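First comes the structure, then the notes that go with it.
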Amino acid sequence: LGQLAFRQGQYQESASFFQQALELAESTSFWEGKIRSLNGLGRIAWVNNQVSEGIEFEHQSLQLAQQQDFPLGEAWAHNALGEIHRNLQEPRAAALHFRRASERFGQLHEFSLAALALQNLAYVELGLRRWEAAESGFREALALWRKAGARHGLALCLIGLAGVLSGQ
């Protein structure tokens with residue numbers, strides 16, 4: 001319910017669901033639920049411009065995912081941290097997190113999620129005017145989006161490739 005409310009832009013309701021889920025996960029020692037709840041709370045804090053809280057939630061999520069050897073949780077935390085650092089105009093930190101997210105998603109054969117992280121990384125590279133790295137990232141993400149059959153991802157990669165060509 002927290003995810004659904006988040007996707008609908010109902011952040012206060014989403015935060016309430018994630019907080020309830022976190023409390024339930026903690027009371028039952030359900031570590032996967034705790035990881036996912038912390039990630040959700042981190043994203044909500046970020047979109048509500050509570051950046052330091054968002055970073056803290058995501059680091060907690062990442063740390064617990066690493067302790068529990070839960071690569072999907074690691075990937076989501078890295079992707080969220082990449083988004084936060086990109087928004088803070090900290091491209092090197094953003095690139096590091098997007099790269100790690102892409103690696104983890106790829107290891108899990110989550111091709112559309114790996115494409116998302118690669119595409120995010122490619123846009124960071126584009127902003128840094130690293131044309132070859134950006135082009136390579138967009139092309140790799142494009143191939144993964146094709147495999148996943150996601151046309152919106154294809155379109156975003158083509159827009160990114162147009163940006164590379166324009167920059168070159």
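The values are calculated or read from the model by the stated rules, or taken from the named source; none is laboratory data. Fair warning: this is a prediction, and the values are worked out from it, not measured in the lab. Positions of Cβ are generated from backbone atoms using ideal geometry, with glycine treated the same way; all protein chains shown enter the neighbour counts. The protein model used for the area step is the full one, side chains on, heavy atoms only, and it has no ligands, DNA or RNA in it. Shrake-Rupley method; radii C 1.70, N 1.55, O 1.52, S 1.80 Å.
Tabulated data for the structure shown
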{"read-out": "Pairs where the first residue, in region 55-76, is free of Cβ contacts under 8 Å to residues at least 12 places away in the same chain and the second is not polar (S, T, N, Q), C-beta under 7 Å, 6+ apart", "value": "GLN66/GLU74"}
{"read-out": "Single match in ALA141, ALA148 (criterion: open to solvent by less than 10 Å² (accessible area, probe 1.4 Å), over 22 Å from GLN50 (Cα atoms) and free of Cβ contacts under 8 Å to residues at least 60 places away in the same chain)", "value": "ALA141"}
{"read-out": "Test: VAL164 is assigned to a helix (DSSP H, G or I), buried (at least 20 other Cβ atoms within 10 Å of the Cβ) and in contact with an Asp or Glu (Cβ under 6 Å, 6 or more places away or on another chain)", "value": "yes"}
{"read-out": "Region 54-93, residues that are within 14 Å of GLY33 (Cα to Cα), aliphatic (A, V, I, L, M) and buried (at least 23 other Cβ atoms within 10 Å of the Cβ)", "value": "LEU62, ALA65, ALA77"}
{"read-out": "Pair list, Cβ < 7 Å and 6+ apart or interchain, from region 30-52 residues that are in a helix (DSSP H, G or I) to residues that are surrounded by fewer than 21 Cβ atoms within 10 Å (Cβ to Cβ) and aromatic (Phe, Trp, Tyr)", "value": "GLU32/PHE70; ILE35/PHE70; GLY40/PHE6; ARG43/PHE6; ILE44/PHE6; ILE44/TYR11; VAL47/TYR11"}
{"read-out": "Residue check for ARG129: open to solvent by 30 Å² or more (accessible area, probe 1.4 Å), touching a residue at least 24 places away in the same chain (Cβ under 8 Å), closer than 19 Å to GLY54 by Cα and charged (D, E, K, R)", "value": "no"}
{"read-out": "Residue list for region 5-22, filter: open to solvent by less than 100 Å² (accessible area, probe 1.4 Å) and more than 19 Å from GLU74 (Cα to Cα)", "value": "ALA5, PHE6, GLY9, GLN10, TYR11, GLU13, SER14, ALA15, SER16, PHE17, GLN19"}
